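K.L.:
Sharing a structure below in structure tokens format, with a few things to ask.
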Amino acid sequence: MTKNEQIISYVRENYDECLKSGLKVREHLLKSPVAFHGRCVQTLHSPKIYKSEYIEVFRRLVSDFYTIFDKIIKHYQSSAEYRKLFPFSKELEELILIDSGYETSVPVMRMDIFYNEETKDFKFCELNTDGTSAMVEDFELAKAFSLNNLPNDLIGNVSCFELFDTWVSAVGRIYRGFRNRKDKPRVAIVDFLDKAYLPEFYEFKRRFEKYGYPTKIADITKLSYHDGILFDEDGERIDIIYRRAVTVDIMNNLGACDDFINAYRDGAVCVLGGIKTQIIHHKALFYILRDKQTKAILTDRENELIEHHIPYTSKLFEADLARVKSDKDSFIVKPSDSYASKGVFAGVDMTEKDWSELIEKLKNEDYIVQEYCTPYKTENIYLAAKNPEFKMYSNLTGLYVYDGVFAGVYSRLSDGGIISSQYNEKSVVTFVEG
């Protein structure tokens with residue numbers, strides 16, 4: 001019996017007690033920083049508990065694929081012919097080619113994968129660089145778990161991932177290699193603040209200041225650049241930007257971001273991460289990974305990893321639409337450049353008629369079609385529901401990567417075909433045994 005099966009068995013046998021603690025956990029979360037803008041993270045009763053051997057799998061996975069992505073970014077920057085494969089505007093290409101002033105290609109990212117805990121096999125779901133988030137949700141879920149009634153001897157000797165101090169340490173390492181670094185640098189966490197997940201920003205601000213970095217939360221449209229220095233709206237100097245503004249939003253608001261872009265272009269500020277991370281963030285990467293030009297710069301082993309772990313992907317308008325329509329449960333469609341699972345549709349969640357009409361509607365839009373990967377399922381229960389019931393939940397495993405190194409796991413589950421906050425997503429705290 002797996003650890004999760006043992007926990008579910010305990011919940012069934014001690015349901016009333018578990019129900020009370022599940023409601024206490026929900027009340028705690030509703031009063032916590034993760035209750036923001038009318039939304040609050042929902043959590044299931046059984047946590048995700050990984051053995052150390054699984055963590056080693058994640059470390060190797062991150063190392064292997066980060067090396068691949070690093071090669072792709074560098075080849076994009078050096079090869080005009082390779083750049084033609086990517087659907088980027090001239091303006092975006094120009095920003096991508098700016099030298100960020102430090103060695104790391106992607107300072108922070110989250111690799112979202114469908115991981116099978118029985119076989120240890122996996123398929124990629126998507127890659128998040130710009131705006132990688134949910135660290136505060138994992139942090140608050142760990143605190144809320146103290147109200148969970150599951151016995152210590154059932155959970156075992158476990159620990160959580162620390163995702164805040166480790167990021168500050170990574171920023172310090174990267175900044176030490178920045179060509180225009182300054183003594184006693186000042187940090188700004190930058191986004192379009194009307195879109196920002198502010199509770200997470202406040203926690204990062206506290207951690208930066210804990211380590212001696214004066215830190216502001218700043219709107220990207222209110223920065224000013226003159227005399228070779230970037231300033232926030234209060235006139236304070238900025239030396240390091242932790243960029244949470246996603247590239248697509250920047251490109252849609254170029255005129256409002258001129259000062260940020262000019263400071264970045266001049267190397268006056270260390271931007272983590274640079275605009276070149278869009279090469280990996282954009283979903284075009286998934287079909288470009290199998291292009292002959294990409295294969296030529298990778299080793300045989302790296303190409304084998306791509307064949308095995310990257311799902312089939314095509315531009316929707318270039319796909320066999322008759323097959324996509326007739327075999328709906330095998331496919332998912334996504335916008336080429338989006339975030340937070342906006343505009344994502346899975347055939348398994350739709351009727352044949354609705355799916356066929358959707359494909360017709362989107363076939364000339366900027367969408368990709370991708371092999372639908374059936375997620376690994378585990379049983380769980382949401383005790384704060386109106387009528388709690390045990391269900392099989394699909395698992396999505398998010399692997400945080402700081403400065404090219406595995407940093408932690410964010411665990412999400414759903415009883416639908418898509419795992420997203422828009423589609424009945426639930427999050428659980430992640431523990432590691434030992």
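K.L.:
Compute the distance from the alpha-carbon center of the range 31-72 to that of the range 116-148, in whole Å.
P.N.:
3
K.L.:
Cut-off 17 Å, label point 7 angstrom out along Cα-to-Cβ of D320: give me the residues of the range 350-389 whose amide nitrogen falls inside.
P.N.:
369-372
K.L.:
Rounded to the nearest 20 Debye, what is the dipole magnitude of the chain about its Cα centre when Lys and Arg each give +1 and Asp and Glu each give -1 at the C-beta?
P.N.:
The dipole of the chain has a size of about 440 debye.
K.L.:
Please name whichever of S21, N180, Q42 sits farthest to the positive end of the charge dipole of the chain, dipole taken about the Cα centre and charges placed at Cβ: Lys and Arg +1, Asp and Glu -1.
P.N.:
It is N180.
K.L.:
Separate question: Which aspartates and glutamates, on any chain, are close to K377 with Cα under 19 Å apart, when same-chain ones fewer than 8 places away are left out?
P.N.:
K377 reaches E5, D112, E117, E118, D121, E126, D329, D349, E389, D415, E425.
K.L.:
Would you mind checking which residues have amide H under 5 Å from I49's amide H? H placed 1.01 Å from N; only 5 or more apart, or other chain.
P.N.:
Placed amide hydrogens put F431 under 5 Å from I49.
K.L.:
Would you look at the GNM of the chain, springs on alpha carbons closer than 10 Å, and say which of E13, E365, E126 moves the most?
P.N.:
E13
K.L.:
Any of K3/K31; K51/K210; K84/K363; K120/K205; K283/K361 with alpha carbons more than 27 Å apart? Name them for me.
P.N.:
Violating the 27 Å Cα-Cα cut-off are K3/K31; K51/K210; K120/K205.
K.L.:
Obtain the nm distance between the two label points defined at M392 and R59 by a simple spin-label model: each point lies 7 Å from its Cα along the Cα-to-C-beta direction.
P.N.:
3.4
K.L.:
Please state, as a whole number in µm²/s, the translational diffusion coefficient that the Stokes-Einstein equation yields for the chain at 25 °C and 0.890 mPa s, with Rh defined as the Kirkwood radius across alpha carbon pairs.
P.N.:
Estimated diffusion coefficient is 107 µm²/s.
K.L.:
With a sphere of radius 9 Å drawn around the Cβ of G408, what net charge do the other residues whose Cβ falls strictly inside it have (Lys, Arg +1; Asp, Glu -1)?
P.N.:
Result for the neighbourhood of G408: -2.
K.L.:
To continue, here is another question. Give, as a single signed number, the net charge of other residues whose beta carbon lies under 14 Å from the beta carbon of Y211, with Lys and Arg counted +1 and Asp and Glu -1.
P.N.:
That works out to +4.
K.L.:
Identify which of T215, T294, T351 has the largest mean-square fluctuation in a Gaussian network model of the chain, with springs joining Cα atoms closer than 10 Å.
P.N.:
T351
K.L.:
Among R244, R173, R26, determine the one that fluctuates most according to a GNM of the chain built with springs between C-alpha atoms less than 10 Å apart.
P.N.:
Answer for the Gaussian network model of the chain: R173.
K.L.:
Still on this structure, I have one more. Given the rule -39500 (n - 2.57) for each run of at least 4 DSSP H residues, summed and divided by the residues of the chain, what is its mean residue ellipticity at 222 nm, to the nearest 500 deg cm²/dmol?
P.N.:
After summing the helix terms and dividing by residue count, I get -10500 deg cm²/dmol.
K.L.:
Per residue of the range 101-108, what does 6.51 cos²θ - 1.76 cosθ + 1.60 with θ = phi - 60° give for ³J(HN,Hα)? Whole Hz please, x for Gly and Pro, Karplus curve as stated.
P.N.:
So the Karplus estimates, Gly and Pro as x, are x, 9, 7, 4, 6, 10, x, 9 Hz.
K.L.:
Cut-off 18 Å, label point 7 angstrom out along Cα-to-Cβ of R206: give me the residues of the range 23-46 whose amide nitrogen falls inside.
P.N.:
28-37, 41
K.L.:
Which whole-Hz couplings ³J(HN,Hα) result when phi for each residue of the range 219-235 is put into the Karplus expression 6.51 cos²θ - 1.76 cosθ + 1.60, θ = phi - 60°, listed in order with x for Gly and Pro?
P.N.:
For the range 219-235, the Karplus curve yields 7, 4, 7, 10, 7, 9, 10, 7, 6, x, 10, 9, 10, 7, 5, 8, x Hz.
K.L.:
Another one. Return the whole-Å distance between the Cα centroid of the range 226-291 and the Cα centroid of the range 295-324.
P.N.:
One Cα centre to the other: 29 Å.
K.L.:
If you place +1 on the Cβ of every Lys and Arg, -1 on the Cβ of every Asp and Glu, and leave all else neutral, what size is the dipole of the range 315-372 about its Cα centre, to the nearest 20 Debye?
P.N.:
60
K.L.:
Let me ask you something else. Over the alpha-carbon set of the range 315-372, divide Rg by the Kirkwood Rh and report the Rg/Rh ratio to two decimals.
P.N.:
0.91
K.L.:
Could you give the nm distance between label points at R83 and K353, where each point is 7 Å from its Cα heading toward the beta carbon?
P.N.:
The two pseudo-label positions are separated by 4.9 nm.
The numbers here are math on the coordinates, done by the rules we state, and not lab data. What you see is a predicted model; the values in this text were computed from it and never measured. Please note: Cβ atoms are built from the backbone with ideal geometry, for glycine as well, and neighbour counts cover all protein chains shown.
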